[in-house]
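The values are calculated or read from the model by the stated rules, or taken from the named source; none is laboratory data. Given the structure is predicted, the values throughout are model-derived calculations rather than measurements. Note that we place each Cβ from the backbone using ideal geometry, even for glycine, and neighbour counts take in every protein chain shown. Accessible surface is based on the protein model in full, side chains and every heavy atom, while ligands, DNA and RNA are left aside. Shrake-Rupley method; radii C 1.70, N 1.55, O 1.52, S 1.80 Å.
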Amino acid sequence: MTGLRPFLLSLAGLAFGLGLGLLLTVFAGENPLHILRILFHSAFGSSYDLGVTLYYATPLIFTGLSVAVAFHAGLFNIGAEGQLTLGALAAAAAPQLLPNLPPLVAPLFALLCALLVGGLWGWIPGWLRTRRGSHEVINTIMLNFVAAAIASWAVTSWLQNPESQSPETAPIPPNYFLRNMDPVAAAFGDAPVSLAFPIAILVALLVWAFLYRTPWGFELRVTGQNEKAAATAGIDVARVRQCALALAGALAAGVALNEILGFAGRFRLGFSPDLGFVGIAVALLARSHPIGILFTALLFGALHK
């Protein structure tokens, strides 16, 4: 598969590092096979354990894809944390706009709100980079703090849950809650995993097809590999980079599908354990390959479990 060889090399390096780490446990008086068995059973030992691992892996697929798309365009998106924060907030606020949508339409509307807000938050540093020359690393880091401030203000004012002292929004209505119509959780012993996981797999496949099977994906990768050659070939580099960071922001906002619509049913301040930053490691380990990100996200999900 296109571009998969670098990921396989990274995977081989990871296996070597894991083997070396297990070998070092011998000097601590432990049996490395016993340690490996504990790691495996805690993450995959039962259907419930597997479901929890998949739950932790799902948001990392979205953030890993977000970082990877930016990498392919020659950009470093450190703003996935802010993008997913505002995306999740938008998903939790969507019922305030249209509370009585049909059950199948409501989650799609909330997800659309999340994608639009996350995409806009990603487009801003893209515009600043291409029109003002501001480096996207600085812009995205700063926008993470701005996003956190906006979320804090929203949750402690007009979206505050009146029945809770915690900084969180009111629960989303049942017609918006994906878990109410989700067969995935039941298959894993009511683990927090939801329909968001198979959707994340589908999104990874679509991103792979976009990058390696479409003219737009080709333009994006050429821009990332050689900006001058791309401009000489007639590619609008500024447009490509703005669209790349907007797409990266929308992908990061996909975390809302797992966290807000699929499990928690509300937005809580600090709900993300640095998912946006862990996504950088997920993308780097997979060499920014969308299919590889599925495996590295699963690995990080198992380690988190």
(message) Please go through (1) under 24 Å from Leu261 (Cα atoms); (2) among the acidic types (Asp, Glu); (3) in contact (Cβ under 8 Å) with a residue 40 or more places away in the chain for Glu163 and return the number of the only condition it doesn't satisfy.
(response) (3)
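Name the single residue, out of those in segment 36-84 being among the β-branched types (Val, Ile, Thr) and over 19 Å from Ala283 (Cα atoms), that is least open to solvent (accessible area, probe 1.4 Å).
In the first step, residues of segment 36-84 are kept if they are among the β-branched types (Val, Ile, Thr); the result is 38, 52-53, 58, 61, 63, 67, 69, 78.
Now drop any that are not over 19 Å from Ala283 (Cα atoms), which leaves 38, 52.
Working: Ile38: 88, Val52: 13 Å².
Only one residue fits best here, namely Val52.
What number of residues in segment 24-52 are closer than 30 Å to Asp182 by Cβ and part of a helix (DSSP H, G or I)? Quick ask: steps written out before the conclusion?
Step one: list which residues in segment 24-52 are closer than 30 Å to Asp182 by Cβ, which gives 39-52.
Pick out the ones that are also part of a helix (DSSP H, G or I) and you get 39-44, 47-52.
Residues meeting the conditions: 12.
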(request) Output the residue which, of all residues in segment 287-305 that are within 16 Å of Leu275 (Cα to Cα) and aliphatic (A, V, I, L, M), is surrounded by the fewest Cβ atoms within 10 Å (Cβ to Cβ). (result) Leu303
(request) Tell me, please, whether a residue that is at pLDDT 95 or above, farther than 17 Å from Thr169 by Cα and touching a helix residue (DSSP H, G or I) at 6+ places or on another chain (Cβ under 8 Å) can be found in segment 82-98. (result) yes
(request) Filter segment 125-165 down to the residues that are of a type in the set (S, T, N, Q) and either part of a helix (DSSP H, G or I) or open to solvent by less than 30 Å² (accessible area, probe 1.4 Å) (or both), then identify the one that is farthest from Ala90 (Cα to Cα). (result) Thr130
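Looking at Asp236, Asp190, which one is open to solvent by 50 Å² or more (accessible area, probe 1.4 Å) and on the phi > 0 side of the Ramachandran plot?
Values: Asp236 fails: on the phi > 0 side of the Ramachandran plot.
Only one candidate passes the filter, namely Asp190.
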(message) Restricting to segment 239-271, give me the number of residues that are crowded, with 24+ Cβ neighbours inside 10 Å and touching a strand residue (DSSP E or B) at 6+ places or on another chain (Cβ under 8 Å).
(response) 1
